[in-house]
Amino acid sequence: MPLVVNLTEVSDSDLALVGGKASKLGDVVRQGLPVPPGIVVTTEAYQSFVDQTPLKTIIPEALASIDPARSETVDIASRRIREGFESTAFPPDLKAKIVTAYEKFVADEKIRFVAVRSSATAEDLDGASFAGLQETYLNVEGTESVLSNIRKCWGSLFTARVLLYRTRKGFDHRTVQLAVLVQKMVDSVVSGILFTRDPNTGENHMIIEAGFGLGEAIVGGEVTPDHYVVDGASHRIIAKQLSDQAFQLVRAEGGGNVKVDLAEVDRKRQKLSDERIHRLASLAKVIESHYRRPMDVEWCADDRSLYIVQARPITTIPAAPAPGTPTHNNVSRSPVAKEEKSSVGPEPIVRGFGASPGIAGGTARLLRTAAEMDKLKSGEVLVTTMTTPDMVPAMAQAAAIVTDEGGMTCHAAIVSRELGVPCVVGTRTATKTISDGEPVSVNGKTGSVYRGLEVATEAAPEAAAAAAAASSGGGDGHGHVPVTATKIYVNVGVPEKAAEYARLPVNGVGLMRIEFIFTAHVRDHPLALLKQGKRDQLIERLTEGIARVCQAFHPRPVIIRTSDFKTNEYRGMPGGEEFEPKEENPMIGWRGCSRYISPVYKPAFLCELEAIQKVRTEKGLKNAMVMLPFVRNTWELEEIAEMMRDKGLKRSRDFQLYLMAEVPSTVLLAREFSHHCDGFSIGSNDLTQLVLGADRDSETLGRMGYFDERDPAVKRAIELLIEGAHAEGRTVGICGQGPSVYPEFAEFLVRQGIDSISLNADTVVPTIRTIASLEQRMKLEGLRRLP
């Protein structure tokens with residue numbers, strides 16, 4: 001195994017070799033996104049260093065001496081191991097290889113300063129971020145300094161806080177290794193963090209936080225950053241909250257970092273321009289689409305460019321509020337928390353950012369430093385200027401956390417969400433306003449702190465009324481929702497959202513992507529599971545996920561789109577590399593129906609069909625329908641129909657088969673395809689891509705305006721499809737963002753006679769009102785034309 005590799009050579013599948021941070025950044029590089037160049041000193045180098053030095057015996061001896069009941073034994077073991085790393089010289093051969101690679105790197109890139117960053121094999125994972133726990137050193141110059149900081153990074157794998165965190169998360173200390181990423185140091189004028197989903201509410205909003213200078217001040221909570229909210233679908237900027245930033249971290253003369261006070265005129269101005277906010281949102285969307293999950297993205301920018309410097313899964317996403325209803329606040333596990341009271345009290349004594357949802361009360365305990373952690377008793381409210389990684393043990397037993405500094409992406413916010421502890425950050429004055437020992441209530445949803453222990457959710461009565469209105473057809477609880485001639489469906493991603501979305505005033509589910517069940521509940525590549533003899537397990541997991549959605553919406557129809565992973569997406573699943581070829585253009589490669597009739601993938605597709613049939617027969621949920629993606633021709637449909645009949649899925653009055661209209665051949669031969677289905681659903685992204693010859697993932701073409709579903713050629717294709725399908729008595733719907741983002745596009749569809757529109761949940765009610773208004777206008781226009 002290599003001791004040093006270039007960042008361009010690694011991907012997410014190289015976790016064991018280069019650690020979590022580097023493996024994901026390598027993936028980001030492969031997506032064509034801007035990442036500072038770098039090299040990775042691999043875990044093989046780490047293991048070689050340990051095996052050839054006294055650390056081979058020091059580490060196991062120190063770990064064996066830890067008594068979980070005595071925290072001081074953790075500190076002693078940690079100190080012994082870290083001192084061993086920092087005082088031990090490199091074996092000559094290992095040193096020579098690292099030095100050669102480093103000096104070639106800085107010469108090729110013509111750089112002077114680098115960042116030396118830890119990248120552990122247990123880091124940036126689902127459910128365990130290890131946020132801020134391993135060391136990073138910025139603005140490092142010179143070979144000897146780099147070597148010294150590599151050893152320090154290796155030693156940071158065994159800090160007391162990391163040992164405690166790994167124990168709590170169930171990792172074996174002996175199996176975790178650490179690589180070191182050495183990257184070009186960006187001379188940041190502004191930096192920050194972006195969440196592709198609101199980590200506090202789960203809503204489809206991007207949260208961006210930005211501050212002048214290096215990002216360490218933001219992550220560490222030393223400054224409160226600007227806070228921007230961006231709509232996840234349209235990338236429209238919804239809200240801005242500008243901070244008062246007193247200082248910034250910048251490169252010191254000769255290396256290292258130094259604090260520099262900001263001029264009064266700069267302190268409160270917007271840190272990131274609107275243009276860069278939009279650009280950053282576009283980059284983050286590509287990352288989220290690649291990983292198919294909400295992501296936490298660190299970024300920075302110099303005078304010329306934006307750069308991505310870290311990407312990891314958001315480790316905790318709460319259930320989003322039921323669309324169209326006021327949001328509930330989750331009551332925390334605190335013993336003094338009380339559900340559904342009428343009021344928290346009068347005006348809050350301080351306000352900040354709601355960083356981790358929930359409501360809790362307890363005695364306020366002011367901590368100035370980590371050395372005071374022992375003062376905090378279980379169930380008390382931790383109040384501090386800003387938490388540090390050393391405070392994690394105290395944070396774990398706090399009822400709630402309140403800080404003066406920080407934003408949604410600081411250490412306190414990330415760790416609180418992982419711990420499930422309500423948290424309010426960026427209050428500015430909590431440590432001055434709240435007295436040590438006084439009782440307080442903390443609302444981690446609204447960012448408010450109140451005096452007294454009366455803890456409640458003010459919106460509970462409204463939310464209950466809204467939910468009752470929604471379930472009885474009253475819509476979103478904000479007034480009457482009109483009836484439309486155009487049927488309105490909702491798109492469902494993960495089954496966990498089904499019960500919430502079922503309260504919406506919709507006709508059913510227009511698109512349920514079965515691949516979301518693969519990624520969230522199955523995880524492994526289906527052919528890998530079949531090879532392991534786990535066919536029954538695969539079918540059972542698919543059945544459970546599908547049944548959960550069908551049960552929530554019963555008797556309304558649920559249209560299940562069978563899997564449509566591309567080869568590059570399938571390769572990323574555990575076990576996928578063995579079965580997936582590498583394609584130059586997977587977007588128009590082995591996907592959709594072509595997979596189902598392939599002898600290689602057919603056994604996995606049959607499992608999907610069997611799961612759907614089990615839902616219909618064993619569960620008695622006859623509202624489960626099927627939709628086939630990326631259909632190219634009619635002969636493949638004939639073969640697939642035979643497979644479906646063999647599994648008991650035959651078109652009839654109570655079982656419909658739909659086709660995605662994404663390939664132009666489906667549009668041009670709509671009448672012929674109609675003989676094989678009960679209706680069509682327009683996949684506007686793929687149809688736009690193939691009609692215009694514009695790669696949907698190309699940021700360049702997107703910025704230039706080529707990719708637009710409102711293009712006349714795309715609209716003409718939709719006209720042809722509706723005309724041909726209706727001539728054969730088949731329905732046509734559309735599933736996508738277009739009708740909700742572009743009212744003029746929705747008007748075009750309705751005027752063409754579209755039968756149904758399937759929407760993301762958060763856009764259902766406003767789009768219903770838009771369409772109802774349009775239909776009423778069309779009716780009046782028709783009356784005016786009467787003689």
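Please list 3J(HN,Hα) in residue order for the stretch 355-362, calculated via the Karplus relation 6.51 cos²θ - 1.76 cosθ + 1.60 where θ = phi - 60°; whole Hz, with x for glycine and proline.
9, 8, x, x, 10, 8, x, x
Looking at the stretch 611-700, which GluC sites (Glu not before Pro) are DSSP coil and have at most 10 other C-beta atoms within 10 Å of their C-beta?
Of the GluC sites (Glu not before Pro), the ones in loops of the stretch 611-700 whose Cβ has at most 10 other Cβ atoms within 10 Å are 618.
What number, rounded to the nearest 500 deg cm²/dmol, is the helix-based mean residue ellipticity at 222 nm of the chain, given -39500 (n - 2.57) per DSSP H run of at least four residues and division by all its residues?
-11000 deg cm²/dmol
Please list 235, 675 from largest to smallest accessible area, probe radius 1.4 Å, with all protein chains kept in place.
675, 235
Leaving out ligands, DNA and RNA but keeping every protein chain, what accessible area does residue 300 have, in Å² rounded to the nearest 10, with a 1.4 Å probe?
Rounded to the nearest 10, the figure is 10 Å².
For the chain, report the accessible area per residue in Å² (1.4 Å probe, heavy atoms, rounded to an integer).
Values: 31580 Å² over 787 residues.
Roughly 40 Å² per residue, with all protein chains present.
For the stretch 573-666, just say rounded, prolate or oblate: build the C-alpha gyration tensor, square-root its eigenvalues into a ≥ b ≥ c, call rounded for a/c under 1.5, and beyond that prolate if a/b exceeds b/c, oblate if not.
Oblate.
Please work out how much accessible surface residue 440 shows to a 1.4 Å probe, ignoring ligands, DNA and RNA, in Å² rounded to 10.
Probe radius 1.4 Å; accessible area of residue 440 about 0 Å².
Between residue 242 and residue 103, 0.36 nm times their residue separation minus their Cα-Cα distance comes to what?
Here the answer is 45.9 nm.
Show me the three semi-axes of the equivalent ellipsoid for the stretch 656-787, from the C-alpha gyration tensor (sqrt of 5 times each eigenvalue), largest first, rounded to whole Å.
Working: eigenvalues 114, 84, 41 Å².
They are 24, 21, 14 Å, listed from largest to smallest.
Assign one of three labels to the stretch 223-311, namely rounded, prolate or oblate, based on the Cα gyration tensor with a ≥ b ≥ c the square roots of its eigenvalues; rounded applies when a/c is under 1.5, prolate when it is not and a/b is larger than b/c, and oblate otherwise.
oblate
Between residue 728 and residue 375, what length in nm is gained on full extension when 0.36 nm per residue of separation is reduced by their alpha carbon distance?
119.5 nm
Charges at C-beta only: +1 for Lys and Arg, -1 for Asp and Glu. How large is the resulting dipole of the chain about its Cα centre, in Debye rounded to 20?
Here the size comes out at about 1200 debye.
Once neighbouring chains are kept in place and the probe is 1.4 Å, which whole percent of the accessible area of the chain is contributed by carbon and sulfur?
Using a 1.4 Å probe with all protein chains present, the chain comes out at 50 percent carbon and sulfur.
Which order do 380, 728 take by accessible area at a 1.4 Å probe, largest first?
Values: 380 20, 728 55 Å².
These residues rank, largest area first, as 728, 380.
Quick one: of 21/184; 375/432; 240/285; 534/582, which pairs are farther than 23 Å apart, Cα to Cα?
In this structure, 534/582 exceed 23 Å between Cα atoms.
Residue separation times 0.36 nm, minus the C-alpha to C-alpha distance between residue 143 and residue 397: what's the value? Don't jump to the answer; show the numbers that get you there.
On the way: separation 254, 0.36 × 254 = 91.44 nm, distance 4.30 nm.
Going from the current span to full extension adds 87.1 nm.
Nearest 20 debye, what's the magnitude of the dipole of the stretch 1-93 about its Cα centre given +1 on Lys and Arg Cβ and -1 on Asp and Glu Cβ? Intermediate results must be reported in sequence, preceding the final value.
Values: 8 positive and 13 negative charges, 36 e Å.
The dipole of the stretch 1-93 has a size of about 180 debye.
Rounded, prolate or oblate: pick one for the stretch 738-787, where a ≥ b ≥ c are the square roots of the eigenvalues of its C-alpha gyration tensor, a/c under 1.5 means rounded, and failing that, prolate if a/b is larger than b/c, else oblate. Before the final figure, lay out each step's value.
Values: a/c = 2.79, a/b = 2.21, b/c = 1.26.
It is prolate, given that a/c is not under 1.5 and a/b is the larger ratio.
Using a 1.4 Å probe and ignoring any ligands, DNA or RNA, find the accessible area of residue 187 and quote it in Å² to the nearest 10.
The accessible area of residue 187 comes to roughly 90 Å².
Using amide H atoms built 1.01 Å from N in the peptide plane, name the residues 5+ places from residue 661, or on other chains, whose amide H lies under 5 Å from its own.
Here 681, 682, 683 satisfy the definition.
Enter the per residue convex hull volume of the chain, computed from alpha-carbon coordinates, in Å³ rounded to the nearest integer.
Taking the convex hull of the Cα positions in the chain, it is 183 Å³ per residue.
Using modelled amide H (1.01 Å from N, peptide plane; none on Pro or chain starts), what sits under 5 Å from the amide H of residue 561, excluding residues fewer than 5 places away?
Sorted by chain and number, the residues that satisfy this are 512, 513, 514, 627.
Please enumerate, by chain and number, the lysines with C-alpha under 29 Å from the C-alpha of residue 487, excluding those fewer than 8 residues away in the same chain.
497, 614, 619, 622, 650, 715, 779
Cα atoms only: what Rg and Dmax, in Å, come out for the stretch 521-582?
Values for the stretch 521-582 (Cα only, Rg and Dmax): 13.8, 42 Å.
What is the Å³ per residue value for the convex hull set by the Cα atoms of the stretch 533-619?
So the per-residue hull volume is 112 Å³.
Taking a 1.4 Å probe, which of 184, 110, 24 shows the most accessible area, and what order do the others take after it? Kindly include the intermediate steps, with their values, before the conclusion.
Values: 184 70, 110 175, 24 20 Å².
Descending accessible area places them as 110, 184, 24.
Please state, to two decimals, what the Cα-based radius of gyration of the stretch 482-641 comes to when divided by 2.2 N^0.38 Å (N = residues).
1.06
Taking the Cα centre as origin and putting +1 on Lys and Arg beta-carbons and -1 on Asp and Glu beta-carbons, what dipole magnitude results for the stretch 658-787, to the nearest 20 debye?
My answer is approximately 600 debye.
The values are calculated or read from the model by the stated rules, or taken from the named source; none is laboratory data. Given the structure is predicted, the values throughout are model-derived calculations rather than measurements. Glycine also receives a Cβ, built like all others from the backbone with ideal geometry; neighbour counts cover every protein chain displayed. SASA here: full protein model, heavy atoms, side chains in, ligands and nucleic acids out. Shrake-Rupley method; radii C 1.70, N 1.55, O 1.52, S 1.80 Å.
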